[in-house]
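The values are calculated or read from the model by the stated rules, or taken from the named source; none is laboratory data. Everything quoted here is computed from the prediction, not taken from an experiment. Cβ: placed from backbone, ideal geometry, glycine included. Neighbour counts: every protein chain shown. The protein model used for the area step is the full one, side chains on, heavy atoms only, and it has no ligands, DNA or RNA in it. Shrake-Rupley method; radii C 1.70, N 1.55, O 1.52, S 1.80 Å.
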Amino acid sequence: MYTGQDEKRLYEQAKHLLKQDNGSAEDTVAQLKEVINYADWKYYVQNDPTLSDSEYDGLFKQLKNMEEQYPELVTADSPTQRVAKGLSERFPTVSHLVPMLSLDNTYNAEDLTDWDRRCRELAETDDIEYCVEPKYDGAGISLIYDDGALSRGATRGDGVMGEDVTINIRQIRAIPLSAALLKYGVKQIEIRGEIVIHKKVFEAFNKQRAAEGLSPLANPRNAASGTLRILDPAEVRKRGLNSILYHISAFTLVDSMARPNELATHYDALKWLYSLGFPTPAPDMKVFKRIDDVIKYCHEFEGRRDDLPFEVDGLVIKVNDFAMQERMGSTSHHPRWAVAYKFKARQATSKLVDVEFQVGRTGAITPVAKIEPVHIGGVTVTSVSLFNEDVIREKDLRIGDTVLVERAGDVIPYIVKPLAELRDGSEREIKFPTHCPACDSKLERQPEEAAWRCININCPVQLVEHIIHYVSKDALDIRGFGAANVQKFYDLGILKDVPGIYDLSADKLKGLEGFGEKSITNLLQAVEQSKKQPLNRVIFGLGIRFVGETTAKTLANAVSDIREFYTWDVDRLSTLEDIGPKVATSVVDFFAREENKAMITKLDQAGVNLRNEHKGITAADGELAGKTFLFTGTLGHFKRSDAEKMVEDKGGSILGGVSAKLNYLVVGEDAGSKLEKAKKLATVNILTEQEFLKLIEGQQP
Ligand code: IVH
């Protein structure tokens, strides 16, 4: 799809669009669409982003602005049209053009050799080419493109009927909304594939959920299939799903044109789709003539399964030639021309011996299953989180149960289910405690929450967890501290709370086991360094409920001193991006508590940075809120992107062209048609760069 030359051109085009004046609106919109599609492809299909997030957002915003000004230029396949507002109804049931079959499984060399023999009998030849590709562990989907445009996306369902989830499929930026299929005479095509989630994206997503007090999703597969069926497309978009398409199940050609040459073998067909921008396994496909080579490759590939960005549970071996595939046919369950080679299972059974209840930083009580040690995928598992009481009740887990445990890749292990059929009556109910295991305070549970909590602010475990969080890498990043030392200092009585970190001294630490002169100096130095950390890290480190790293950044950006939050109410906080009433309430509660204010005062006295010199005023309350700007000509004083950022930081927005909606046109040297056009509009204020700077500084230009 993109040659090296295309890539160079599109990269330049992106940079140009970010900086410069552009030609006609039509041209600019076309160019913006092209580079955004290219950026999506680089990010999701190639896994090799070229633009920074803010550059991408800048281009996207430009396109949106342009389309607002010139609604006639909006097309169904514009990247902005992926974004849907509002909630979907329930998804209608639809039938697949061709039933979605499963695959037969093989587990070892012998199974594969048998399958190869059967293939050669069925195909009546020894000359078979096999195409081998990863078996992606996600949610199966089926896409239909009519006249080159994505017209339907459906879940697998029972294989015959699935759910029409087109609106959610459109949120997945790896999936093209349109492609040059008509150019090849393809009128309609049904393509099968998998919706997957990048392991890293999944991890970040669960981290965010944990910060919000929600239980993590069990594994990337569940995350992908669950996300496909949620009714809020905006949420689907946020989750950053990806897709791999690996099978053409049906197609019709325009006016009975000849089948395109590219469609003679599976390998060529997927390469061809890849060249049209579809996310196929093309880069990871291999063709072999001999089953022994296939087997060798399978073993070798299994060894590096954890290096792949997605969860892969095996390989799929397909007879490459389409005509041969047709001759071999299918059973009602699976094609005879394809087979899955399954990697070693990452599930095992074990016995649930006990459940421990751990107190977290926020007081949430987490049940943790203690199981008989079991080896899964190279590690021994003895503890498995059960997240909350609901999980225990939903799965009907009991002490003494034989349980199925899964550990997929780097994902934390979890209990899939108890094997109820193996119960002998000696199993015992898991009793959830009514009082905190650490301080014996009565536990509470809010109606909308899954967790039971200890709300005693002096609960010793919570205090320790608080300090551990404050010093952690993503918060104040105080090297050399670590959980074990925090616990040790706490137990010894030399560290009681977060501000106490700054009272540690060489005297207090001297003589402690494992603390020589050097490690004391290093630790105290790291403590000293942490005073200079930016405000967002401090806010994150305070451990306010529901405030993860991203929210902490948003909060830090909204003030020039953390103490400004003492007077903010829920409504004001809710004007900040991505902060809803739940988070806002939690923030207000936090800053309303005297003990938290006292802690902040102590941090201030210790010299910890509580200020944000680069406060970015948010759109809702910025001095330039609602004002629109456009820059034209060559700017001498600053880079265009910096100037645009100044406007946006103060709540203003950038338009793509001169129109009645424009408030300020800032002109540099050699300003051209935009200046001329603006002069004709009484509503536009024309500013020099100096005048613009005055405006930004809050003076009358
Ligand atoms: S081919 C008729 N290729 O695995 C063609 N399937 O366990 C059948 N899967 O239902 C599918 N990666 O959801 C094929 N590279 C791949 C695959 C793949 C994952 C899934 C698919 C299928 C299931 C069977």
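Observations, loosely collected:
- With contributions of -39500 (n - 2.57) from each DSSP H run of at least four residues, the per-residue ellipticity at 222 nm computed over the chain stands at -10500 deg cm²/dmol.
- Kirkwood hydrodynamic radius over Cα pairs of the stretch 137-228, then Stokes diffusion coefficient at 25 °C and 0.890 mPa s, in µm²/s: 170
- Per residue accessible area of the chain, 1.4 Å probe, in Å²: 48
- Shape summary: the stretch 22-122 maps onto an equivalent ellipsoid whose semi-axes, from the alpha-carbon gyration tensor, are 45, 21, 13 Å in decreasing order.
- Between ALA506 and LYS442, the contour length at 0.36 nm per residue exceeds the Cα-Cα span by 19.1 nm.
- Distance histogram for the stretch 488-547 (every C-alpha pair counted, 5 angstrom bins, percent rounded to whole numbers): 4, 16, 23, 22, 17, 11, 5, 2
- Ordering of 52-64, 569-581 by packing [mean C-beta count within 10 Å, highest first]: 52-64, 569-581
- Taking 0.36 nm per residue of sequence separation and removing the Cα-Cα distance, the GLU326/GLU68 pair yields an extension gain of 87.9 nm.
- Normalised Debye scattering of the stretch 172-301 at q = 0.10, 0.16, 0.21 Å⁻¹ gives log10 I(q)/I(0) of -0.47, -0.93, -1.18, counting only Cα atoms as equal scatterers and leaving out solvent.
- Local charge for ASP604 was computed over the other residues whose Cβ lies under 13 Å away, with Lys and Arg +1 and Asp and Glu -1, and equals +4.
- The lysines within cross-link reach of LYS19, meaning a Cα-to-Cα straight distance under 16 Å and a gap of 8 or more places when in the same chain, are LYS61, LYS639, LYS645, LYS674.
- Net charge contributed by nearby residues that have their C-beta within less than 14 Å of SER330 (K/R +1, D/E -1): +3
- Taking 16 Å as the straight-line reach from the Cα of LYS417, the lysines in range (excluding those fewer than 8 positions away in the same chain) are LYS351, LYS370, LYS395.
- Semi-axes of the equivalent ellipsoid for the chain, Cα gyration tensor, largest first, Å: 46, 42, 22
- A Förster radius of 45 Å, combined with the Cβ-Cβ distance separating GLU302 from LYS677, puts the computed FRET efficiency at roughly 0.10.
- Dipole of the chain, positive direction: furthest Cα of GLY86, GLN487, GLY314, with charges on the beta-carbon: GLN487
- Taking 17 Å as the straight-line reach from the Cα of LYS694, the aspartates and glutamates in range (excluding those fewer than 8 positions away in the same chain) are GLU623, ASP642, GLU644, GLU648, ASP649.
- Once the mean of 1/r is taken over each pair of separate Cα atoms and inverted, the stretch 559-701 shows a Kirkwood hydrodynamic radius of 17.5 Å.
- Working from the Cα coordinates of the stretch 330-386, the gyration tensor eigenvalues give, after taking √(5λ), semi-axes of 38, 15, 10 Å in decreasing order.
- Lacking any other cysteine beta-carbon closer than 4.7 Å, the following Cys residues of the chain have no compatible partner: CYS119, CYS131, CYS298.
- Percent RCO, i.e. relative contact order, over the stretch 562-701, from Cα pairs under 8 Å lying at least 6 residues apart: 19
- Fully extending the segment from LEU253 to ALA484 would add 76.5 nm, taking 0.36 nm per residue of separation and subtracting the current Cα-Cα distance.
- Mean shadow area of the stretch 430-542, taken as a quarter of the surface of its Cα convex hull (nm²): 8.8
- In this label model, LYS8 and ARG563 are separated by 5.8 nm, measuring between points 7 Å along each Cα→Cβ vector.
- The alpha carbons of the stretch 372-472 stretch over 44, 33, 24 Å along the principal axes, in descending order.
- FRET efficiency estimate (nearest 0.05) - Cβ-Cβ, ALA264 to THR380, R0 45 angstrom: 0.35
- Here, the stretch 350-411 yields an orientationally averaged convex hull projection of 4.5 nm² when only Cα atoms define the hull.
- Between LYS238 and GLU356, the FRET efficiency estimated from the beta carbon spacing at R0 = 51 angstrom works out to 0.90.
- Hz values of 3J(HN,Hα) by residue in the stretch 29-39 - Karplus curve (6.51, -1.76, 1.60), Gly and Pro given as x: 4, 4, 5, 4, 4, 4, 6, 5, 4, 5, 5
- All other residues whose Cβ lies under 12 angstrom from that of SER659 are scored, Lys and Arg at +1 and Asp and Glu at -1, for a net of +3.
- nm² value of the averaged projected area, convex hull over the Cα atoms of the stretch 261-375: 12.7
- Spin-label pair ASP57-THR601: with each label point 7 Å from Cα along the Cα-Cβ axis, the two points sit 3.6 nm from one another.
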